[in-house]
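Quick note: the coordinates plus some simple rules give every number you see, no bench work behind them. No experiment lies behind these values; they were computed from the predicted model shown. Positions of Cβ are generated from backbone atoms using ideal geometry, with glycine treated the same way; all protein chains shown enter the neighbour counts.
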């Protein structure tokens, strides 16, 4: 009878330890892996995209009317990635809804896509007026600040080359 109790106790302990060892993995499921921003449309058929990972920031833009394109790739600073991770709120992301597209009226649409390491994605278009977006202002401002800095860098390079 004591052997059965010992075996039962060991099974319980092993089960508990197995569950605890998986807990850090679930915490990593909410870890940020990639942020994508795109802005497209308008009368000139303009497109731009920005992708931010822990390693790199990649920017591409093209004007369909002029066929002028720009590309830039740079290393993501630790400060930028830390700001993105610390201001990420999964519960707010889950509640952000897309707004109406303005492409039909020669407008531009702005799209954000947030990818977690678990593979879960959050994607929305023209949601800048939503309360949830406003509450995550630091997160989205960090993305847009990266975009502004890269565009400024591209414009400065254009001035130097001309």
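Go through the residues of the stretch 145-161 one by one and say whether even a single one is surrounded by fewer than 17 Cβ atoms within 10 Å (Cβ to Cβ) and not in a helix (DSSP H, G or I).
Among the residues of the stretch 145-161, not one is surrounded by fewer than 17 Cβ atoms within 10 Å (Cβ to Cβ) and not in a helix (DSSP H, G or I), which makes the answer no.
Could you say which residue among 64, 95 is surrounded by 12 or more Cβ atoms within 10 Å (Cβ to Cβ), under 16 Å from residue 39 (Cβ atoms), free of Cβ contacts under 8 Å to residues at least 60 places away in the same chain and out of contact with any strand residue (DSSP E or B) (no Cβ under 6 Å at 6 or more places or on another chain)?
Criteria check complete, one pass: 64.
Within the stretch 30-61, work out how many residues are under 17 Å from residue 155 (Cα atoms) and exposed (fewer than 15 other Cβ atoms within 10 Å of the Cβ).
0
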